[in-house]
């Protein structure tokens with residue numbers, strides 16, 4: 001038994017026209033079946049299209065991510081290369097600066113003034129101590145703003161030390177300067193110590209505070225009745241005069 005789609009009454013199977021309401025049954029059923037099948041087909045096709053679109057979009061996103069990843073790798077490589085180039089340039093610059101500094105020091109050493117203490121003599125006449133000091137500029141340039149300090153100390157244990165101070169605006173190259181000074185002393189002066197400190201500049205290269213110094217111990221030889229002069233090393237100079245001079 002079948003049911004009429006219009007009046008819902010029971011009818012015989014295969015009945016084309018409902019005996020109750022008089023409407024055709026077969027055509028509507030066929031239409032409904034076809035319509036339902038069509039809707040299901042369209043739904044299926046739509047689902048497939050949506051899935052294909054989603055897959056395509058996903059592929060595009062993956063490709064975009066790969067491209068972005070490659071771009072980042074290239075950027076990292078470029079930054080690393082730039083860092084290496086900068087480091088190499090920095091090292092080359094340091095080498096050039098050091099080479100220029102070495103060359104400048106070489107020129108300074110070759111052309112600079114060299115004021116040295118060529119002689120330092122001490123004699124005693126009665127109660128007068130005569131000190132004669134000669135400094136000589138053996139360098140290739142003039143020495144400027146020359147200051148010569150002569151310290152003397154009668155005994156190393158004494159804290160007091162006396163000094164004389166001399167200035168010269170210039171000592172030309174290959175020329176000397178002689179300093180004579182006298183000190184009134186007691187007849188029994190005995191051994192004593194002197195320190196000659198020479199400081200000067202080199203205006204050509206704006207090199208300041210060049211220095212040369214020497215310390216002496218003057219020992220009186222009673223048999224020869226004269227002074228014998230001995231050089232002091234830096235430690236003895238520091239201990240005797242309690243001074244820190246420039247390292248040589």
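Within the stretch 134-151, does at least one residue satisfy the condition of being under 30 Å from residue 185 (Cα atoms) and modelled with pLDDT under 85? Checking the stretch 134-151: not a single residue is under 30 Å from residue 185 (Cα atoms) and modelled with pLDDT under 85. How many residues, within the stretch 175-190, are in a loop (DSSP other than H, G, I, E, B) and either crowded, with 19+ Cβ neighbours inside 10 Å or at pLDDT 80 or above (or both)? Result for the stretch 175-190: 0. Find the residue count for the stretch 224-237, including only residues that are out of contact with any strand residue (DSSP E or B) (no Cβ under 9 Å at 6 or more places or on another chain) and at pLDDT below 85. Qualifying residue count for the region: 2.
For the stretch 202-212, a residue qualifies if it is more than 30 Å from residue 239 (Cβ to Cβ) and either outside any helix (DSSP H, G or I) or touching a strand residue (DSSP E or B) at 6+ places or on another chain (Cβ under 8 Å) (or both), and the qualifying residues are 202, 203, 206, 207.
Yes or no, residue by residue, for (1) touching a residue at least 24 places away in the same chain (Cβ under 8 Å); (2) part of a strand (DSSP E or B); (3) closer than 21 Å to residue 117 by Cα:
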site: 195; (1), (2), (3): yes, yes, yes
site: 198; (1), (2), (3): yes, yes, yes
site: 214; (1), (2), (3): yes, yes, yes
site: 220; (1), (2), (3): yes, yes, no
site: 224; (1), (2), (3): no, no, no
site: 228; (1), (2), (3): no, yes, yes
site: 231; (1), (2), (3): no, yes, yes
site: 235; (1), (2), (3): no, no, yes
site: 240; (1), (2), (3): yes, no, yes
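Looking at the stretch 81-96, can you tell me whether even one residue there is without any contact (Cβ under 8 Å) to a residue 40 or more places away in the chain and either on the phi > 0 side of the Ramachandran plot or over 37 Å from the mean Cα position of the chain (by Cα) (or both)? The answer is no, given that none of the residues of the stretch 81-96 is without any contact (Cβ under 8 Å) to a residue 40 or more places away in the chain and either on the phi > 0 side of the Ramachandran plot or over 37 Å from the mean Cα position of the chain (by Cα) (or both).
The values are calculated or read from the model by the stated rules, or taken from the named source; none is laboratory data. Remember, predicted model here, so these are calculated numbers, not experimental data. Because the Cβ atoms are built from the backbone with ideal geometry, glycine has one as well, and the counts that use them run over all protein chains shown.
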